[in-house]
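What follows is one structure encoded as structure tokens, with my remarks underneath.
The values are calculated or read from the model by the stated rules, or taken from the named source; none is laboratory data. Predicted, not measured: the structure shown is a model, and the values here were computed from it. Reconstructed Cβ throughout: ideal geometry from the backbone, glycine too, with neighbour counts over all protein chains shown. When the accessible area is computed, the model is the full protein with side chains, heavy atoms only, and any ligands, DNA or RNA have been set aside. Shrake-Rupley method; radii C 1.70, N 1.55, O 1.52, S 1.80 Å.
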Amino acid sequence: MTSNAKDFKYVITSGWWCGPDSEINNKRTKYGSDSIRSLEFFDQWHAAIDSFTNPVKILIVDSASHHIPTPHKDPRVELVSLDENAGHSTSHLGKYAGVSRAHLCGMVYALSCNVDYWVYIEQDALIHGKGIVEHAISSMTGDILFGDGTGTPQPMQQSFMIMKTSAIPRFIERFTAIRSRDAEISPEMKFWMASHGWATYLPECIFQDTAADRLPFGIVGRVRNLLISRGRNFGLLPFGYGRTRPINFTDQFYYFQHGTVSELESHGANTPA
């Protein structure tokens, strides 16, 4: 942990959904162990947060779940329940899927607290390394840190993100100006667009997941890839892995999402009780 780590004031927020499959989320592909979608996994998620980070507050944004974590002995933990389960980004109600609603709610919560950073850690992501957030903040040269999208279908990863609260209002303005639903432009792509203000002025069909199917020769995909390759207006977390594989569980700092049974076992073996 850096010497000025005590000066980093941040909140950690996350989304939450736990319940049976429904018509709203039946298009979701399930990755990893079934345990990461269980109510009990929250305790493992919280244990990692408690061991390796030092947030002022922890906000859980629940999407009207059938099963929610019980009131927690950690006084920093707050839970807010939304009015409906919006569903997965592949099949959802309204303009925004549950994950985007959790992001927006968490950002506004961070703005409403006396902190300098919003940190998002997804409910099925585990972290490792004392001072991992402080280490990441110390590496920042701009306002935003996202996970590296290399090796994934998206231009960035959202399971661990950090943003200066001073950048949140402009980011939300750009994000909400995107007219397409999450099922048309993925939440990850929308975050990439909102990070590059000029991208929100381009025709949204360039960034829509289905657009490549409507035009010949992959024109849309080529234009999109060219734009993404021209650089990024955000920093990358100074460690892996998110959804990227393989994972080196001997790294000083790492995070991973969609953990399999064997990966969870390897992580547990490398994490003090």
Students often forget the sequence filter, so: which lysines lie under 25 Å Cα-Cα from Lys9 once same-chain residues fewer than 8 apart are removed? Lys57, Lys73, Lys130, Lys164
Considering only protein heavy atoms and a probe of 1.4 Å, how much of the accessible area of the chain is carbon and sulfur, as a whole percent? 53 percent
Shape call for region 56-155 from the C-alpha gyration tensor, a ≥ b ≥ c root eigenvalues: rounded (a/c under 1.5), prolate (a/b greater than b/c) or oblate? oblate
Once you put a point 7 Å from the Cα of Ser229 and another 7 Å from the Cα of Lys9, both along the Cβ direction, what distance in nm separates them? 4.5 nm
May I ask you to list the aspartates and glutamates whose Cα is less than 12 Å away from that of Lys30, ignoring any residue fewer than eight positions away on the same chain? Asp21, Asp124
Equivalent ellipsoid semi-axes, the chain, via Cα gyration tensor eigenvalues times 5, rooted, Å: 28, 22, 19
Fluctuation leader among Arg230, Arg76, Arg101 - the chain, Gaussian network, Cα springs under 10 angstrom: Arg230
With a 1.4 Å probe and all protein chains left in place, how much accessible area per residue does the chain have, in Å²? 47 Å²
By the mean-Cβ-within-10 Å protection proxy, highest first, 237-247, 157-167 rank as 157-167, 237-247
Tell me the label-point distance for the pair Asp83, Cys113, using the 7 Å Cα-to-Cβ offset, in nm and rounded to one decimal. 2.6 nm
Could the peptides 120-126, 181-187 be put in order, highest first, of the mean number of other beta-carbon atoms found within 10 Å of their residues? 120-126, 181-187
Using 7 Å Cα-to-Cβ label points, what is the Leu104/Ser38 separation (nm, one decimal)? 3.4 nm
Charge tally for neighbours of Val115 with beta carbon under 11 Å away, counting Lys, Arg as +1 and Asp, Glu as -1, is +2
So, over other residues within a Cβ distance under 15 Å of Asp83, counting Lys, Arg +1 and Asp, Glu -1, the net charge is 0
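Relative contact order for region 122-236 using alpha-carbon pairs under 8 Å, separation at least 6, rounded to a whole percent?
27 percent
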